[in-house]
Structures are given as structure tokens and as C-alpha cells.
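Everything on this sheet refers to the single structure shown next.
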Amino acid sequence: IRQSRVTSGQAKALHLEMETPVAESCGNNIALIKCYCTDEEGRYVPDAAPYVTFETDTTKGNVIGTGSSSSDHNPVTSVSRQMFLGEIRVGVKPTENTEEVWLYASAPGLKKAAVKIPFINANKVKESEIKSSETGGHIAN
């Protein structure tokens, strides 16, 4: 049996990945997203350290915080942060009754990333529960 170890190359692209399950958009919940880099072969780059800026479609939600290291002295509420050990965490809070928020990440010299963050619209769930109870468990059209 032959084994080999491959070292990742230089960071070429940003990636965003959901870390929390879908939450209700009641105004109190947030989604937690991980941002990381990959090289030209798609391999994770554990020592990437770009300065990344995050944006949302602000009518539906906002970046409420970013973090990458306990030794980082930037305010938690900053929408820009330097990666530490190849990762950054981002908190996104939806406006009430939002069903999705787009989060965008960009850094100089790297391919940008975007992720659609789904949320459960609390009002629609309550409306369907009411309709369901009024029709004996069946939702009327």
C-alpha cells in the first residue's frame, strides 16, 4: 500500500458553509457561517490569512459579528476580519419574517463566495398551523 501526503497550495478562493440548522426568523435567532479558503485544486488551506469583508442583502438581514481568534483586537461587530488558522466565523441575523438572506465574502486576490442562508418565516408557520387546525389537519387552498 502506497501513501502520499499533499500540501495545499496558495489560497485561491473563499468558501462559505452553514454551521447552524435553519432557524426561525423571529428577530432573535442568528445563523453561524464558516468562511475558509481553498487552493486551485480545491484543497482546504489551513494557514490562509486573508483579510475578508462580508456583506448581506441588507433589506433581509445583517452581519452582526465576525471572529477568527481570541487574540484579535478588532470589534466583534466589524464586517471585515483577518482569517486565523484558515477560518473565520460570521453571525448573520435576519429581519423578522425573512425566508432567506444572501451572505457574500470577498478578499483581494481571491475568488468571491456567496451562500443563501434559509430561515423559517415564523408568521407563515403560524398561519399554516391556524389553517391546519381550522380544517382538521388539512390546509385549505
On the protein heavy atoms, probe 1.4 angstrom, tell me the percent of accessible surface of the chain carried by carbon and sulfur.
50
Cut-off 10 Å between beta-carbons: net charge of the residues surrounding Thr66, Lys and Arg +1, Asp and Glu -1:
+1
Please list 3J(HN,Hα) in residue order for the stretch 52-66, calculated via the Karplus relation 6.51 cos²θ - 1.76 cosθ + 1.60 where θ = phi - 60°; whole Hz, with x for glycine and proline.
10, 10, 10, 9, 10, 7, 4, 6, 10, x, 9, 6, 9, x, 9
Straight-distance crosslink candidates among aspartates and glutamates, where the alpha carbon sits under 20 Å from Lys116 and sequence neighbours closer than 8 are dropped
Glu17, Glu19, Glu24, Glu55, Asp57, Glu87, Glu96, Glu99, Glu100
With bins 5 Å wide starting at 0, give me the P(r) of the stretch 48-94 over every alpha carbon pair, in whole percents.
5, 24, 32, 22, 10, 6, 1
Accessible solvent surface per residue of the chain, calculated while the other protein chains remain in place, 1.4 angstrom probe, Å²
63
The stretch 1-85 - Rg (one decimal) and Dmax (whole number), Cα, Å
15.9, 56
Cleavage-rule hits (trypsin sites (Lys or Arg not before Pro)) in the stretch 22-77: DSSP loop, at most 16 neighbouring Cβ within 10 angstrom:
Arg43
Long-range amide H partners of Asn29 with built H, under 5 Å
none
For the stretch 91-101, 3J(HN,Hα) per residue [Karplus equation, 6.51 cos²θ - 1.76 cosθ + 1.60, θ = phi - 60°, Hz, x = Gly/Pro]
x, 10, 10, x, 6, 4, 6, 7, 9, 7, 9
Using alpha carbons only, how many degrees (0 to 90, rounded to 10) separate the axis of helix 122-134 from the longest principal axis of the chain?
30
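The values are calculated or read from the model by the stated rules, or taken from the named source; none is laboratory data. The structure presented is a predicted model; accordingly, all values stated were derived computationally and were not measured. Virtual Cβ from ideal backbone geometry, glycine too; neighbours counted across all protein chains shown. These accessible areas exclude ligands, DNA and RNA; they are computed on the full protein's heavy atoms, side chains included. Shrake-Rupley method; radii C 1.70, N 1.55, O 1.52, S 1.80 Å.
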